[in-house]
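The values are calculated or read from the model by the stated rules, or taken from the named source; none is laboratory data. Remember, predicted model here, so these are calculated numbers, not experimental data. All Cβ positions, glycine included, derive from the backbone under ideal geometry; neighbour counts span all protein chains shown.
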Amino acid sequence: MSTLAGTSALARLAARRDRIMLPAWIYVLTALVAGTAYSFRKLYPTAAGREQFAAAAARNPALLSLYGPLSGNSVGSLTAWRYGAFAALGAGLMSVFIVVRHTRADEETGRLELAGSAAVGRQAALTAGLLIAVSANMVLAAVIPAALIALGLPAAGSISLALAIAGCGLVFTSVAAVTAQIAQTARAARGAAISVLAAAYLLRAVGDSAGAHGPGWLTWLSPAGWAELIRSFGQVRWWILALPLAAAAFVAGAAGVLAARRDYGAGLLPQRPGPARAAGWLRGPLALAWRLQRGTLTGWVIGALAYGAVVGEAANGIGGLLGSSEIRKILVRLGGQAALTNAYLAAIMSFGGLIAAGYAVSAVLRLRSEETEERADPLLAAGASRISWALGHLCIAAGGTALILAATGLGAGLGYALRSGTGGGEVARLAGAGLAQLPAALVLAGVAAALLGLAPRACVAGGWTALGVVVMLLFLGATLRLPQPILDISPFTHVPKLPGGTVSAAPLVWLTVIAVALAAGGLAGLKRRDIG
Amino acid sequence: MADAIAVSGLRKSYGRAVALDGLNLSVATGEVHGFLGPNGSGKTTTIRILLGLLRASGGSARLLGGDPWSEAPALHRRLAYVPGDVTLWPNLSGGEVIDLLGRLRGSMDASRRASLIELFDLDPTKKARAYSKGNRQKVALISALASDVELLLLDEPTAGLDPLMEAAFRACIQDERKRGRTVLLSSHILSEVEALCDRVTIIRQGRTVESGTLAGLRHLTRTSIAAELTGPPAGLDRLPGVHDLVVEGNRVRCQVDAGQIDALLRQLTAVGVRSLTSQPPTLEELFLSHYASVPPGRGPAPGRDGDKA
């Protein structure tokens with residue numbers, strides 16, 4: 001039997017299962033890019049207006065570090081600058097989810113065993129997953145230029161930008177194919193692929209903020225950086241597209257070799273035996289929640305430290321980031337180098353707050369997967385009350401979020417202080433600035449917890465949608481000049497801008513009260529409803 | 001002594017779908033009670049209501065003298081539950097799960113734990129993701145049996161066990177009975193039910209159709225009779241309670257209701273009997289007769305018994 005037998009049947013099954021998810025991803029990514037182009041065109045119809053915007057954006061140095069250097073003033077270059085790399089990472093994220101969902105996740109749950117017992121070849125599932133992800137990226141590469149050209153942007157620039165975005169998607173399609181062979185669980189496979197994605201983002205951020213004499217070549221190592229280096233709306237460097245294609249082909253080949261060598265259901269990492277007796281402390285729902293979540297949390301904390309260190313270190317080069325000395329003079333007049341650095345670090349912290357909120361939501365939603373996968377039953381039937389079971393995971397979610405934020409601030413402080421030599425005061429100040437994001441992140445955890453108790457079927461989709469709305473408000477709010485009442489929906493709007501801003505306790509207290517009230521509502525609902 | 005489980009008129013509906021429709025179940029303290037019914041008849045739903053995981057839509061349920069919904073955690077320290085489809089935390093070892101569940105119940109007999117692990121031949125150091133279905137079942141069984149509890153709720157506990165392990169399980173349940181523990185055993189394995197259970201309750205489509213001792217239930221069904229007579233029989237078809245009568249010359253075969261055996265035998269001996277065999281109904285026949293006949297005008301009720309999506 002051919003190793004590819006049954007691929008087309010599996011691919012059709014995968015397409016059928018993804019019929020909602022794929023269009024949603026493609027829509028969101030296209031809307032992000034096209035919406036940005038639309039709003040730039042509408043808000044800044046003239047070159048003079050865009051020149052002004054560029055100067056205004058330059059007043060917020062965080063944007064430059066987050067998005068890379070700004071190379072021109074056309075609507076196209078502004079769009080590519082603002083969301084080119086992010087859309088590329090978004091395409092990567094989409095690809096990771098697709099590939100893992102149709103390979104390791106199906107294998108872990110045993111669904112693939114049933115399908116695989118039919119006339120299905122050994123490489124069929126992997127190939128089918130890759131096919132779906134490649135198709136999704138190809139659709140993306142077609143839809144984005146269609147939208148941009150419809151908005152009146154140059155064809156060459158639109159097509160090259162879209163191809164660069166899809167190229168990044170292809171790279172992470174193959175990265176996920178490899179992690180799905182190595183890791184034994186879908187969770188670990190996704191985590192490993194997303195770590196590579198985060199590393200790509202950080203490489204680009206370090207490379208872009210390195211300045212003239214720094215390691216600018218790091219951007220060349222990042223698939224997200226390629227979307228920037230192609231210079232879509234300037235002198236297009238088409239040959240850059242060979243980089244993602246070559247990388248994707250090479251890594252996908254490696255995945256194929258790995259897939260051919262391993263057993264069904266097994267990973268490449270060996271299975272270690274566990275203890276024959278439970279440790280003395282493992283005796284309650286909270287202890288179990290810690291035992292279940294500690295590995296994931298450790299990964300998050302290490303990632304947050306690395307993120308903080310990289311972006312904190314970059315804060316030292318903020319002055320050099322702004323190409324024009326004219327702009328720098330204006331900025332120095334506005335508050336000097338210190339104000340500049342503070343504004344950058346404050347933006348970094350609110351970004352870190354969003355990342356921590358992502359952890360908080362996923363940690364709360366662990367309760368739902370424990371419930372639907374029927375692992376809550378034996379616990380609840382053995383004498384754990386519903387409230388103590390839920391509180392165990394909620395405590396880990398809250399404590400873990402605090403740890404991640406402290407690690408972000410600590411990393412930023414260390415990264416900044418080691419280079420600038422400002423000492424320990426800076427470290428403590430930034431750790432505090434990180435923790436100031438905690439109440440806002442907990443509000444999102446609270447939303448997930450409330451849905452878990454009151455509308456359990458909607459809680460996974462609802463929890464992530466709430467986070468998505470908050471992310472969009474932070475990213476698009478300024479660009480789209482949204483009215484304040486809409487911006488106020490996001491809890492992060494109310495967090496004081498630290499470091500540098502004035503600390504007022506009132507909003508932090510209010511956010512904490514809201515988070516606790518939401519969680520309490522969720523627990524009250526959980527007490528009344530059916531489990532399962 | 002009060003009943004360990006007293007359920008009457010229990011109802012559970014999910015929107016318009018009715019899972020339980022006036023179910024009755026009583027389990028006396030100290031007995032091993034079989035809980036039988038076709039797939040989707042509501043056994044697992046009933047057990048989940050008894051565990052306080054689901055809230056009943058109507059009727060009453062008492063468990064160990066308490067209310068299973070409002071007193072759940074307190075009652076759970078006095079019982080142990082083995083689900084039909086055991087799912088465990090994939091990165092915990094079997095030993096860790098056994099200990100964790102035992103500690104939650106508040107009681108675990110360490111020497112019994114060790115002997116059960118040996119009896120069921122389980123490797124407690126393996127991570128749960130590496131266990132087969134049968135081994136996951138053993139983890140749940142060992143944890144339940146090693147706990148010092150009054151009541152065991154077992155939902156198809158041997159569905160994944162090999163015959164050797166099933167024999168070990170039977171021996172354990174016999175031990176539990178001697179210790180005076182109460183067991184509610186949901187099972188499709190009829191020989192297991194016959195070997196272990198004092199009484200059984202049969203449900204179908206969310207309702208109790210029969211409840212009693214196995215001997216009592218047998219009396220409700222027919223005995224097969226085959227006889228060779230010395231002359232041609234007469235008048236057998238006019239006897240009440242005689243079914244499927246076949247007469248071939250001097251040979252007679254028929255089914256007879258439990259209450260009419262005496263009348264039939266008188267009729268046969270009046271002619272003269274050369275040989276006679278009688279077969280009591282097998283358990284299979286007993287259950288099939290209860291499982292198969294669907295009352296008119298009622299579709300199958302959805303439930304969660306074993307056949308999960």
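How about the range A:461-473: which of its residues are of a type in the set (A, V, I, L, M, F, W, C) and either surrounded by 18 or more Cβ atoms within 10 Å (Cβ to Cβ) or not in a helix (DSSP H, G or I) (or both)?
Within the range A:461-473, A:466, A:467, A:470, A:473 qualify.
Could you tell me whether residue B:170 is within 14 Å of chain A (Cβ to nearest Cβ), in contact with a helix residue (DSSP H, G or I) (Cβ under 7 Å, 6 or more places away or on another chain) and modelled with pLDDT of 90 or more?
Criteria not met by residue B:170.
So that you can scan it fast, the table gives a plain yes or no per residue for (1) free of Cβ contacts under 8 Å to residues at least 40 places away in the same chain; (2) within 14 Å of chain B (Cβ to nearest Cβ):
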{"site": "A:491", "(1), (2)": "no, no"}
{"site": "A:498", "(1), (2)": "no, no"}
{"site": "A:505", "(1), (2)": "yes, no"}
{"site": "A:523", "(1), (2)": "no, no"}
{"site": "A:526", "(1), (2)": "no, yes"}
{"site": "A:530", "(1), (2)": "yes, yes"}
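Within the range B:218-246, count every residue that is over 30 Å from residue B:201 (Cβ atoms), touching a Lys or Arg at 6+ places or on another chain (Cβ under 8 Å) and not charged (D, E, K, R).
Residues that pass the stated criteria total 6.
Tell me the residue from A:231, A:261, A:204, A:237 that is within 20 Å of the chain's Cα centre (by Cα) and basic (Lys, Arg), please.
Step by step, each of A:231, A:261, A:204, A:237 is checked, and only A:204 is within 20 Å of the chain's Cα centre (by Cα) and basic (Lys, Arg).
So, residue B:122, is that one touching a residue at least 24 places away in the same chain (Cβ under 8 Å), within 14 Å of chain A (Cβ to nearest Cβ), among the hydrophobic types (A, V, I, L, M, F, W, C) and farther than 21 Å from residue B:94 by Cβ or not?
Spelling it out, it is not the case that residue B:122 is touching a residue at least 24 places away in the same chain (Cβ under 8 Å), within 14 Å of chain A (Cβ to nearest Cβ), among the hydrophobic types (A, V, I, L, M, F, W, C) and farther than 21 Å from residue B:94 by Cβ.
With the condition kept exactly as written, say whether any residue in the range B:136-159 is of a type in the set (Ser, Thr, Tyr), more than 9 Å from every other protein chain (Cβ to nearest Cβ), outside any strand (DSSP E or B) and buried (at least 20 other Cβ atoms within 10 Å of the Cβ).
yes
With respect to residue B:132, is the statement that it is without any contact (Cβ under 8 Å) to a residue 60 or more places away in the chain, within 23 Å of residue A:276 (Cα to Cα) and within 12 Å of another protein chain (Cβ to nearest Cβ) true?
Considered against the rule, which asks whether it is without any contact (Cβ under 8 Å) to a residue 60 or more places away in the chain, within 23 Å of residue A:276 (Cα to Cα) and within 12 Å of another protein chain (Cβ to nearest Cβ), residue B:132 comes out as yes.
Looking at the range B:213-252, which of the residues that are surrounded by 11 or more Cβ atoms within 10 Å (Cβ to Cβ), touching a residue at least 24 places away in the same chain (Cβ under 8 Å) and among the hydroxyl-bearing types (Ser, Thr, Tyr) is farthest from residue B:283 (Cα to Cα)?
Going through the qualifying residues, I end up with B:224.
For residues that are within 14 Å of another protein chain (Cβ to nearest Cβ) and among the small types (Gly, Ala, Ser), scanning just the range A:155-193, find the one that is farthest from residue B:130 (Cα to Cα).
A:191
Residue under question is residue B:117, and the condition is that it be more than 7 Å from chain A (Cβ to nearest Cβ), closer than 19 Å to residue B:143 by Cβ, surrounded by 17 or more Cβ atoms within 10 Å (Cβ to Cβ) and without any contact (Cβ under 8 Å) to a residue 60 or more places away in the chain; does it hold?
For residue B:117, the condition - more than 7 Å from chain A (Cβ to nearest Cβ), closer than 19 Å to residue B:143 by Cβ, surrounded by 17 or more Cβ atoms within 10 Å (Cβ to Cβ) and without any contact (Cβ under 8 Å) to a residue 60 or more places away in the chain - is met.
Residue-by-condition table, conditions (1) under 29 Å from residue A:361 (Cα atoms); (2) at pLDDT 90 or above; (3) not aromatic (Phe, Trp, Tyr):
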{"position": "A:224", "(1), (2), (3)": "yes, no, yes"}
{"position": "A:241", "(1), (2), (3)": "no, yes, yes"}
{"position": "A:266", "(1), (2), (3)": "no, no, yes"}
{"position": "A:276", "(1), (2), (3)": "no, no, yes"}
{"position": "A:285", "(1), (2), (3)": "yes, yes, yes"}
{"position": "A:296", "(1), (2), (3)": "yes, no, yes"}
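I need a count of the residues in the range B:59-86 that are hydroxyl-bearing (Ser, Thr, Tyr) and within 9 Å of chain A (Cβ to nearest Cβ).
So the answer is 1.
Could you say whether any residue in the range A:471-479 is modelled with pLDDT of 90 or more and either away from chain B (no Cβ under 14 Å) or under 28 Å from residue A:305 (Cβ atoms) (or both)?
no
Tell me which residues, restricted to the range B:160-178, are of a type in the set (A, V, I, L, M) and in a loop (DSSP other than H, G, I, E, B).
The one that is of a type in the set (A, V, I, L, M) and in a loop (DSSP other than H, G, I, E, B): B:161.
Taking the range A:251-279 as the search range and keeping residues that are away from chain B (no Cβ under 14 Å) and assigned to a loop (DSSP other than H, G, I, E, B), which one is nearest to residue A:96 (Cα to Cα)?
The extreme case among them is A:268.
Sort out for me the helices (runs of 4 or more DSSP H) sitting completely within the range A:100-170 that have 1 or more residues that are under 24 Å from the mean Cα position of the chain (by Cα).
A:104-109, A:124-150
Restrict the check to the range B:87-108 and report whether at least one residue is under 23 Å from residue A:372 (Cα atoms), crowded, with 17+ Cβ neighbours inside 10 Å and more than 10 Å from every other protein chain (Cβ to nearest Cβ).
For the range B:87-108, residues under 23 Å from residue A:372 (Cα atoms), crowded, with 17+ Cβ neighbours inside 10 Å and more than 10 Å from every other protein chain (Cβ to nearest Cβ): absent.
What are the pairs, 6+ residues apart or on separate chains, where a residue within the range A:411-426 that is at positive phi has its Cβ under 7 Å from a residue that is modelled with pLDDT under 85 and of a type outside the set (Val, Ile, Thr)?
Filtered contacts from the range A:411-426: A:423/A:417.
Read through the list (1) at pLDDT below 90; (2) under 30 Å from residue A:373 (Cα atoms); (3) crowded, with 24+ Cβ neighbours inside 10 Å, then give the number of the only condition that residue A:415 fails.
That leaves (2) as the condition not met.
Looking only at the range A:384-409, which residues are within 14 Å of chain B (Cβ to nearest Cβ) and over 30 Å from residue B:138 (Cβ atoms)?
The answer is A:387, A:391.
Could you check residue B:201 against (1) touching a Phe, Trp or Tyr at 6+ places or on another chain (Cβ under 9 Å); (2) without any contact (Cβ under 8 Å) to a residue 24 or more places away in the chain and say which number it fails?
Unmet condition: (2).
If you check A:376, A:381, which single one turns out to be within 14 Å of another protein chain (Cβ to nearest Cβ), under 21 Å from residue B:74 (Cα atoms) and in contact with an Asp or Glu (Cβ under 7 Å, 6 or more places away or on another chain)?
A:376
How many of the residues making up the range B:244-271 are among the charged types (D, E, K, R) and either part of a loop (DSSP other than H, G, I, E, B) or within 37 Å of the chain's Cα centre (by Cα) (or both)?
4
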